[in-house]
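Enquirer: Here's a structure for you.
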Amino acid sequence: MANEKAVYKPPIGMGIVPNEAADSHRKNSEIVLKNSLEKSGLKIEDIDLISYAAGSGLPPCLLVGANFAKDLSIRFKKPLIPVCHQIAHLEIGLLKTKAKDPVFVYLSGGNTQIIAFVEGVYRVFGETEDIPIGNCFDVVAREMNLPMPGGPEIEKLAIKGKYVELPYVVKGMDVSYSGIATAAINLFKKGVTKEDIAYSLQETCFSMLTEVTERALAHTGKEEVLLVGGVAANKRLQEMMEKMCGSRGAKAYVVPAEYSGDNGVMIAWTGLLAFKKGWKPEFNDLIKPKWRIDEINWFK
Ligand code: KG4
């Protein structure tokens, strides 16, 4: 578990610039590998297989990791395992908590999905129809001149805020966040305080997710919820999910903060799982930028 990382930070006031992020990955690959070998006390020759995130994600960034991994696998004659980024978030959650067969609530800057494992596939029971929740927080935070990533800043400000009305958008099992982001930005421009925007954003966005997650529990008959992805670190979200679970005799789990955001350990661990069960991807390309979790036969 040498969870070494070097995280790209976008320029102030901007979102991710894909080619800049890819450059940053390129500059940091060797050093992150060196640090993780040092931390684990292993040599590259001791490693049994090389895993990398094949998708989903931004193509220039995925290609840096994929080519680096491929090069290592050829040089040191180790098997090369492409890993689905989304499955890795779920599997590290299962590894690091006592959850056995939960409804997963996967929330990050790039994804918002309610997922459960049913008949060999991680099925998506609900998801965002437009932007992911982390992106919604980041967009609003940027308009309010807060540092990036915006989610933790929104969480801090929300403690002192009170409720102002924002649209609450649940459509069946799906949610929608882009209209909420626009409404929040408009309220800010009209003079509503950052604290009130932050509080109302959290209350609205998290309530929508809690409602959909409860329905997924009822539908699947599962009795656990597991929060994963960067937004899982949010204490107010954890509190809401715990209350909802408590009221129906279910249990809520949260992936430890060190593994909630993107990390290399989750890719390595999921590669190991894939290798052990002889899983093979159904494509020949090195990366799959639009890979969806529910198109993967992930037999257990
Ligand atoms: O999973 P992650 O590290 O990266 C990907 O997006 O794949 O998630 C990052 C997202 C960002 O949008 C960030 O603002 C959000 O997670 N985030 C939070 C918190 N910590 C990180 N959102 C709300 N509350 C937090 N405490």
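The values are calculated or read from the model by the stated rules, or taken from the named source; none is laboratory data. All values derive from a computational prediction rather than experimental measurement. Note: ideal-geometry Cβ built from the backbone for every residue, glycine included; neighbour counts use all protein chains shown. Surface areas here come from the heavy atoms of the whole protein model, side chains and all, with no ligands, DNA or RNA. Shrake-Rupley method; radii C 1.70, N 1.55, O 1.52, S 1.80 Å.
Enquirer: Under 6 Å by Cβ, and 6 or more places apart or on different chains, what pairs join a residue from segment 85-99 that is within 12 Å of the ligand (Cβ to nearest atom) with one that is open to solvent by less than 30 Å² (accessible area, probe 1.4 Å) and in a helix (DSSP H, G or I)?
Expert: Gln86/Ile293; Ala88/Met266; Ala88/Ile267; Ala88/Thr270; Ile92/Tyr259; Ile92/Met266
Enquirer: If only one of Gly57, Gly41, Gly93 is surrounded by 15 or more Cβ atoms within 10 Å (Cβ to Cβ) and at positive phi, which one is it?
Expert: Going through Gly57, Gly41, Gly93 in turn, just one is surrounded by 15 or more Cβ atoms within 10 Å (Cβ to Cβ) and at positive phi: Gly57.
Enquirer: Another one. Identify all residues within segment 156-168 that are part of a helix (DSSP H, G or I) and open to solvent by less than 40 Å² (accessible area, probe 1.4 Å); write none if there are none.
Expert: Result: Leu157, Ala158.
Enquirer: Going through Val228, Val254 one at a time, which residue ends up being modelled with pLDDT of 95 or more and near the ligand (Cβ under 10 Å from one of its atoms)?
Expert: Exactly one residue qualifies, and that residue is Val228.
Enquirer: Out of Leu237, Leu286, report the one residue that is open to solvent by less than 50 Å² (accessible area, probe 1.4 Å), away from the ligand (no atom under 11 Å from the Cβ) and touching a helix residue (DSSP H, G or I) at 6+ places or on another chain (Cβ under 7 Å).
Expert: Checking each option against the conditions leaves just Leu286.
Enquirer: Turning to a different aspect of this structure: As an exercise: evaluate Val118 against (1) more than 16 Å from the ligand (Cβ to nearest atom); (2) in contact with a strand residue (DSSP E or B) (Cβ under 8 Å, 6 or more places away or on another chain); (3) open to solvent by 40 Å² or more (accessible area, probe 1.4 Å); (4) in the same structural domain as Lys189 (by TED's automatic domain parsing) and give the number of the one condition it does not meet.
Expert: (2)
Enquirer: On to the next question. Restricting to segment 124-151, name every residue that is modelled with pLDDT under 95, over 20 Å from Gly261 (Cα atoms) and either in contact with a Leu (Cβ under 9 Å, 6 or more places away or on another chain) or within 9 Å of the ligand (Cβ to nearest atom) (or both).
Expert: Scanning segment 124-151 gives no hits.
Enquirer: Here's a check for you: in segment 169-228, which residue that is open to solvent by 20 Å² or more (accessible area, probe 1.4 Å) and of a type in the set (Asp, Glu) is farthest from Glu155 (Cα to Cα)?
Expert: Glu223
Enquirer: Right, something else. Checking Pro11 against (1) touching a residue at least 60 places away in the same chain (Cβ under 8 Å); (2) open to solvent by 30 Å² or more (accessible area, probe 1.4 Å); (3) under 30 Å from Met148 (Cα atoms), which single condition isn't satisfied?
Expert: Just one mismatch for Pro11, condition (1).
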